[in-house]
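Below are the structure tokens for one structure; questions will follow.
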Amino acid sequence: MNISNIDEIRFELSSSSEIALSVSLAVMMFAVALSLKLEHFRFFKENPKVYFTGVISQIIFLPALTVILCYLTNPHPSVALGMILISCCPGGNVSNLLSMFGRANTALSISLTATSSLAAAFITPLSIIFWCGLYSPTQNLLSEITFDKLNFLFNTFLILALPLLIGVSLLYLFPKFAKKIYNSVSLISAICLLLIIVFAFIEYFEVFLQIGISIIVLIIVHNTLAFLLGYISGLTINASKASARSLTFEIGIQNSGLGIVILLTQLDGIGGAGIVAGLWGIWHIIAGLILVGFFRWKDSYV
């Protein structure tokens, strides 16, 4: 398969598989809602400067940086779509684990993950449309697949916001019941996320081998810039070492599973975007573990 055909590749799903993925994503968002606690947002009052720096960096600065990188590197339109799609996704729970292992401010990391996950149901679809519109190749690509913005917003609302609202309502009205089912729902959610990433990688392994290698360098650069954005954001506001590390992990780790589901169910499974989302899901964990090792090594010499 020639690299020039990457924009024409489609990761196609049967209607039953598409429904299954949508249900899986709805379960994930429901689990997110059940996990929310007021203490997760305590940094809103305790340290608003570092909290809002993380939120703004995640929602605005990272997608903006991604669009700039697209203009500088001029990737295939579908690859650019994948880069923008990933940058618009919220941080994942993996960032909380990496923050803990990397001796960062884990409480801050959890606060930022909770905030971005909550906001994702409403902001992510709008962000994808907005930032893709600022890069003409992706805008043209979406027009070629007859991308319906209103239909996209409506569908993503159903599978993102609606389960979140139901979960929050359940948590508020029936807290004991919500607490009782939380572990089961979160386990199902984690399994769904893992299966989505593994499924995408195995199902299209040959495509990754043929085309992914040529894109991996761009993904590494993109992810490295995301980590740097988080760390520099922390330095800019004179955050503590632990908080700067949390911002680093939070901005550098994105929920690629969410990106894959949105791509497969709402964006025609466009090839280059799928490769970016799949490879990012693997690489950001590797890069995050490297950072953990570096931070711990650095601490040992202080």
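The values are calculated or read from the model by the stated rules, or taken from the named source; none is laboratory data. As the structure is a computational prediction, the values presented were derived from the model and not from experiment. Here the Cβ is made from the backbone with ideal geometry for all residues, glycine too, and neighbour counts use every protein chain on show.
Okay, residues lined up against (1) assigned to a helix (DSSP H, G or I); (2) at pLDDT 80 or above; (3) of a type in the set (Ser, Thr, Tyr):
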| site | (1), (2), (3) |
| --- | --- |
| Ile260 | yes, no, no |
| Asp268 | no, no, no |
| Val276 | yes, yes, no |
| Arg296 | yes, yes, no |
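Quick check on Thr156: is it out of contact with any Phe, Trp or Tyr (no Cβ under 8 Å at 6 or more places or on another chain) and closer than 28 Å to Leu72 by Cα?
It is false that Thr156 is out of contact with any Phe, Trp or Tyr (no Cβ under 8 Å at 6 or more places or on another chain) and closer than 28 Å to Leu72 by Cα.
Starting from the range 213-231, take each residue that is under 11 Å from Ala287 (Cα atoms) and list its partners that are basic (Lys, Arg), counting only C-beta distances under 6 angstrom and pairs at least six apart or across chains.
Listed pairs, sorted by first residue: none to list.
Let me ask something else about it. Name every residue in the range 143-157 that is touching a residue at least 40 places away in the same chain (Cβ under 8 Å) and within 27 Å of Val32 (Cβ to Cβ), in order of residue number.
Residues satisfying the conditions are Phe147, Phe152, Asn155, Thr156.
Another one. Look through the range 55-90, keep the residues that are under 23 Å from Phe152 (Cα atoms) and among the β-branched types (Val, Ile, Thr), and return whichever of them is surrounded by the most Cβ atoms within 10 Å (Cβ to Cβ).
Checking each candidate, the answer is Ile86.
Mind listing just one residue for me: the one in the range 78-118 that is within 12 Å of the chain's Cα centre (by Cα) and of a type in the set (Gly, Ala, Ser) and, of those, nearest to Pro163 (Cα to Cα)?
That would be Ser117.
With Ile129, Ile123, Ile159 as the choices, which residue is under 20 Å from the mean Cα position of the chain (by Cα) and at pLDDT below 80?
After applying the criteria, what remains is Ile159.
Same structure, new question: If I filter the range 134-147 for residues that are surrounded by fewer than 23 Cβ atoms within 10 Å (Cβ to Cβ), under 19 Å from the mean Cα position of the chain (by Cα) and part of a helix (DSSP H, G or I), do I get at least one hit?
No, the range 134-147 contains no residue that is surrounded by fewer than 23 Cβ atoms within 10 Å (Cβ to Cβ), under 19 Å from the mean Cα position of the chain (by Cα) and part of a helix (DSSP H, G or I).
Is it true that Glu12 is among the charged types (D, E, K, R), at pLDDT below 75, more than 18 Å from the chain's Cα centre (by Cα) and more than 25 Å from Cys192 (Cα to Cα)?
no
It is to be established whether one or more residues within the range 105-123 are in a helix (DSSP H, G or I) and farther than 23 Å from Phe44 by Cβ.
The answer is no; no qualifying residue exists.
Conditions (1) crowded, with 16+ Cβ neighbours inside 10 Å; (2) modelled with pLDDT of 85 or more; (3) assigned to a helix (DSSP H, G or I), marked per residue:
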residue	(1), (2), (3)
Lys176	no, yes, yes
Lys179	no, no, yes
Leu193	yes, no, yes
Ile196	yes, no, yes
Phe201	yes, no, yes
Phe208	yes, no, yes
Gly234	yes, yes, yes
Gln254	yes, yes, no
